[in-house]
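Heads up, the thing below is written out as structure tokens.
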Amino acid sequence: MTKTRAMAPRIAIAALLLAGFGSYAWGALHAPWMDSNRPAQLQLARQVIKEADQRNDMAERRLAEDYWTRYPDVAADAYFGRNGKLGIQGAHEHYRRHGRHEGRVWGPDADAPATSEPAKSK
Amino acid sequence: MYRRWFFASLLGLAAMAAAATAWWPGGDARRLNVILLTVESTRADMVRPDTAPNLLRAAESGLHFRNHRAVSAWTAPNAVSLLTGLDAFALGIHAAGDSLPRIALPPVDGKAAEDPPLRKLSERGWRVAGLQAFMLIDQFNNTGLTVESGGEFLPWLAGRVVDRKPFFLWHHYLETHLPYGPAPEFMPDWRALLPPGDTAARQRIETIMRQPAVPAGSVAFKPTDRDAVVAVHEATLRQFDAWFGRFWDFFQASGLRDTTILVVTADHGEEHLERGDVGHASTTHRGHLYEEIVRLPLFVWLPPDEKRLERGLRSIQAPTHHSDVMPSIMAWLEQRRSAPLTRLAEKPWQAITSLAGFAEPDPLHVREFVAARLEAGWKLHRRYRDEKPVENRLYHLATDPGETTDRAAERPDLVEKLAKPLDAAFANRRQVRREAEAAALSGNAAAPAWIFPAGNRAVRFADIRDGITLRWSGDPAARYVIEYQAGEGGALRLQGRLEAQGLEKAFGRIDATYWRDYVLPYGRLRMRVGLPGRDDAWSEWVEVRALP
């Protein structure tokens, strides 16, 4: 009897420890790094994002080429041009910052005439 | 001995803390996402196995609400009701330019004003977003929505799969709106549904395939046109269903199915010549609340691990409406089973609409409304003009689902019974007092002048696809109003006002389909900017012509 009574607190603490860490282990089993589906889900998500970026890049490249074709002075610019520091974003950046105020045209039709005599690109 | 007890106790406390973290219901372990997907102009009876097989197949694992209704007859009040949980009487959105108050939702039933639910979610860490430029218009102000204009639906969701941050996304599928222009692979042989050789009939159907609005009386439709009207409109739903199928595949494969509450419904329905018109309030300018406009599909999917929140339900016949949706979403996010949508309570339904919605000719002075109440199977339509009731129509839906036999004269007792709460709701409805408020604020400031556009100009889609920002001179701290007139006469005319704070108004990216279907048909847009409440402080009119 005395021995049982002496053991009781130890048993109680052991049971508490078991319940506590058991609950924590159950939570850990549901953690993201334990989800075997996660790598495939991430791969799918990244593929969707990559395809969207490629679509946007292709559309941007077509419009940039049309703009440079229409305005050789911009195409030759060291910053906004075909070989400029901004790459394919240079054409649209030029239009945003300067071209639209100078009356230049941004669009897919390479044969569309400029609506006014453009100022020298900055 | 003492040390052993001390460290054993510490370990026990640590274990209990760990257990509490794992089991605490309000912990971060389970912050569900929400996708609210609304489908434009889609009535409940359009959703069938032959028109929406992907949607209905997916619905086998969700909740199907078979008796769901809108709260108004056009997009904005219904969408804002879905986003806030308020009904159309409380919202006060009846025309272009109407929006919720800046600080908090309007108080309802004597309760104190509350923050919009989406703002609460945002404060708790959800990314609350809409991706479409039209969500920047005034009607959606102050809902708590952040418009990330130009984002694409699936790539945006894919970004959330990667970063695993909780989100609320509202996406509105627009391609089921007039003009009905399904892609070639969905286009039906509508000509075969018309009387042979009837070129006038073909022209009438071509009108609904070309114009974003068909005002009542502008086209003399015949009853024999109906099959073709339904066929071309339902073809746009088939196209939606194909799109939904691709979304559903991604939704499951990406794991979002396990972590997201998905709600699919419509903003409102659409008339298919039941009353002589094709469209809804904003497009016919003869708005009403008959079942073809208000009876809508509603589907909800809860994550599989949250089955207990479904309460064992699958197909729900109890009446529900748009203002039940957001409170239900909030209940589910808080892991509560007491969602209004699943309470199965038989309750009355009420709705209100202006006649022309977004196209109201005088948005600041809407004089005519239609309200309706459905109770115990009887539906009263009550028209108000200059604040007074002027007409009643009463229908018994069980025996007259098409609402063709008006029984108001036969049952004045029921008219009186249903009119009483409707009159009370109408009298207490929120009424936006924009001009009075703004005039009190604007003082004696000088009239603004346009900076961009600096003068009349033509614009192509390529010029504005990345967004456009209107700019004017003036006081950066003042409020301004932009008055616009779209169209060149004829059936397609739109006018209204937009509010702006400061010296610019930005419009985000729009896609080519939106430009083609909703901007090009109007051809010309005239705008002027001024100070609210001041007729002597307008800029000059500037005209912008839309080119392909």
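Of the strands (runs of 3 or more DSSP E) lying entirely inside the stretch B:433-527, the ones with 3 or more residues being more than 14 Å from chain A (Cβ to nearest Cβ), modelled with pLDDT of 80 or more and on the phi < 0 side of the Ramachandran plot are found at B:479-487, B:493-501, B:504-507. Only one of the listed residues (B:L82, B:L174, B:L121) is more than 14 Å from chain A (Cβ to nearest Cβ), buried (at least 18 other Cβ atoms within 10 Å of the Cβ) and touching a helix residue (DSSP H, G or I) at 6+ places or on another chain (Cβ under 6 Å). That residue is B:L82.
I'd like the residue in the stretch B:177-210 that is among the aliphatic types (A, V, I, L, M) and surrounded by fewer than 15 Cβ atoms within 10 Å (Cβ to Cβ) and, out of all such residues, is nearest to B:A129 (Cα to Cα). Quick ask: steps written out before the conclusion?
Applying the first criterion (among the aliphatic types (A, V, I, L, M)) to the stretch B:177-210 yields B:178, B:183, B:187, B:192-194, B:200-201, B:205, B:208-209.
From what's left, surrounded by fewer than 15 Cβ atoms within 10 Å (Cβ to Cβ): B:183, B:192, B:200.
Working: B:A183: 28, B:A192: 44, B:A200: 45 Å.
The selected residue is B:A183.
Among the candidates B:D249, B:D189, B:D225, B:D241, the residue that is within 14 Å of another protein chain (Cβ to nearest Cβ) and among the acidic types (D, E) is uniquely B:D249. Just to be sure before I move on: is B:P212 part of a loop (DSSP other than H, G, I, E, B), in contact (Cβ under 8 Å) with a residue 60 or more places away in the chain and touching a Phe, Trp or Tyr at 6+ places or on another chain (Cβ under 7 Å) in the structure I sent? Answer is yes for this residue.
Screening the stretch B:158-168 for residues that are touching a residue at least 60 places away in the same chain (Cβ under 8 Å), at the interface with chain A (Cβ under 10 Å from one of its Cβ atoms) and not basic (K, R) and picking the one that is nearest to B:W126 (Cα to Cα) gives B:V161. Residues in the stretch A:15-25: is at least one within 10 Å of another protein chain (Cβ to nearest Cβ) and under 30 Å from B:G159 (Cα atoms)? Yes, because at least one residue in the stretch A:15-25 is within 10 Å of another protein chain (Cβ to nearest Cβ) and under 30 Å from B:G159 (Cα atoms).
Looking only at the stretch B:349-363, residues that are surrounded by 13 or more Cβ atoms within 10 Å (Cβ to Cβ) and over 16 Å from B:A76 (Cβ atoms) come to 3 in all. Do we have B:A425 as modelled with pLDDT of 85 or more and of a type in the set (A, V, I, L, M) here? Yes; evaluated as a whole, the condition is true for this residue.
Taking helices (runs of 4 or more DSSP H) as the structural unit, those lying wholly within the stretch A:1-90 and holding at least 3 residues that are in contact with a helix residue (DSSP H, G or I) (Cβ under 8 Å, 6 or more places away or on another chain) correspond to A:2-29, A:38-70.
Which residue, of B:G508, B:G496, is buried (at least 16 other Cβ atoms within 10 Å of the Cβ), farther than 30 Å from A:A64 by Cβ and not basic (K, R)? Even if it seems obvious, please write down each step before you answer.
Values: B:G508 fails: farther than 30 Å from A:A64 by Cβ.
Being buried (at least 16 other Cβ atoms within 10 Å of the Cβ), farther than 30 Å from A:A64 by Cβ and not basic (K, R) holds for just one of B:G508, B:G496, which is B:G496.
Take A:A119 and decide whether it is part of a helix (DSSP H, G or I), modelled with pLDDT under 80 and over 32 Å from the mean Cα position of the chain (by Cα). Taking the combined requirement at face value, the residue does not satisfy it. Of all residues in the stretch A:1-18, those satisfying the criterion of being under 50 Å from the mean Cα position of the chain (by Cα) and under 11 Å from B:S9 (Cβ atoms) are A:L16, A:L17.
If only residues of the stretch B:511-548 that are out of contact with any Lys or Arg (no Cβ under 6 Å at 6 or more places or on another chain) and among the hydroxyl-bearing types (S, T, Y) are counted, the one that is farthest from B:R493 (Cα to Cα) is B:T513. A residue that is more than 14 Å from chain A (Cβ to nearest Cβ), over 30 Å from B:A96 (Cβ atoms), among the small types (G, A, S) and not in a helix (DSSP H, G or I) cannot be found anywhere in the stretch B:136-157. Among the residues of this structure, B:L309 counts as one that is buried (at least 16 other Cβ atoms within 10 Å of the Cβ), of a type in the set (A, V, I, L, M), under 23 Å from B:N67 (Cα atoms) and more than 23 Å from the chain's Cα centre (by Cα).
The values are calculated or read from the model by the stated rules, or taken from the named source; none is laboratory data. From a predicted model like this one, the values you see are computed outputs, not experimental measurements. Here Cβ is always computed from backbone atoms with ideal geometry, including for glycine, and neighbour counts include all displayed protein chains.
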